[in-house]
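I have placed the structure first, in the form of structure tokens, so that the comments after it can refer back to it.
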Amino acid sequence: MIEICGHAIVSADDKIADASGLMPAGLRHEADWQQLQHQLDQASLIVLGRIGHAMFPNPKGRRRLILSHQAQGLELRADGFWWNPQLMNWREVAAKLLAEGGRVAVTGGRLVFDEFLAIGFDCFYLARAENVTISDGVPIFSQCRNGISAQDVLRQHGLAQRNYAMLDDKARVSLSIWQAGAKQG
């Protein structure tokens with residue numbers, strides 16, 4: 001069995017990066033980073049985009065799948081597996097990389113999150129820096145460009161909020177956990 005879990009921290013206006021595509025300092029919080037690292041330690045495969053792969057080193061040598069239109073299907077390179085979803089579907093990738101099943105941690109960016117919305121998330125850890133706005137930034141999902149909130153996008157894709165907690169009261173960083181088939185609560 002394969003479980004696909006998304007992980008992101010967004011601004012109050014559902015952005016994951018500034019206009020240049022980089023994560024601003026306002027979205028970096030130690031409590032969120034620690035809970036993310038815990039989740040990544042439990043994953044069999046980490047999925048991220050090319051920019052995130054370049055920006056965040058992999059000192060623990062976690063198994064990575066990097067989405068890139070420059071890949072020729074699924075390629076093993078020195079720094080991880082590279083995948084072009086236009087040339088090979090997820091089912092084929094999962095059969096090759098997760099034959100025994102496992103947890104997949106999807107950490108973004110926007111195009112990666114969009115791809116996995118279509119594939120289907122089993123859960124999504126959505127952290128929010130409630131005091132930060134990035135008016136001209138990159139939204140977590142393409143649908144958010146049309147004024148749809150990240151929460152509504154997750155609901156539209158069959159997920160329901162099951163938990164909510166404040167990770168950092170002073171900085172107003174919260175975490176909501178969304179799960180497929182869960183009752184709202």
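The values are calculated or read from the model by the stated rules, or taken from the named source; none is laboratory data. The model shown is predicted, which means the values in this text are computed figures rather than measured ones. All Cβ positions, glycine included, derive from the backbone under ideal geometry; neighbour counts span all protein chains shown. Each accessible area value is taken on the protein alone, full model and side chains, heavy atoms only, with ligands, DNA and RNA left out. Shrake-Rupley method; radii C 1.70, N 1.55, O 1.52, S 1.80 Å.
Approximating the spin labels as points 7 Å out from Cα along Cα→Cβ, the Arg155-to-Arg62 distance works out to 3.0 nm. In this rough spin-label picture, where each label sits 7 Å from Cα along the Cβ direction, the Glu92-Glu115 distance is 1.3 nm. At q = 0.12, 0.14 Å⁻¹, what base-10 log of I(q)/I(0) does the Debye formula yield for the chain when every alpha carbon is treated as an equal point scatterer in vacuo? Cα-only, vacuum Debye calculation for the chain: -0.54, -0.75. Sparse packing (at most 10 other Cβ atoms within 10 Å of the Cβ) combined with a DSSP loop state is found for the following trypsin sites (Lys or Arg not before Pro) in the stretch 1-83: Lys60.
Please report the equivalent ellipsoid semi-axes of the stretch 79-177, computed as sqrt(5 x eigenvalue) of the Cα gyration tensor, largest first, in whole Å.
In descending order, the three semi-axes are 27, 16, 14 Å.
Relative to the globular-protein estimate of 2.2 N^0.38 Å, the Cα radius of gyration of the stretch 1-47 stands at 1.32. Each Cα pair under 8 Å and six or more residues apart adds its sequence gap; the mean of these over the residue count of the chain is a relative contact order of 31 percent. For the stretch 1-86, the equivalent ellipsoid derived from the alpha-carbon gyration tensor has semi-axes of 23, 17, 12 Å in decreasing order. The order of Ser20, Ser174, Ser135 by accessible area, most exposed first and with a 1.4 Å probe, is Ser135, Ser20, Ser174. Relative contact order of the stretch 29-94, taken over Cα pairs closer than 8 Å and 6 or more residues apart, is 22 percent.
Ligands, DNA and RNA left out, the 1.4 Å accessible surface of the stretch 1-158 is 51% carbon and sulfur atoms. The residues of the stretch 44-89 expose, per residue, 55 Å² of accessible area to a 1.4 Å probe. A Förster radius of 25 Å combined with the Cβ-Cβ distance from Ala78 to Ser20 puts the calculated FRET efficiency at roughly 0.35. The C-alpha atoms of the chain define a longest principal axis, and helix 30-41 lies at about 30 degrees to it.
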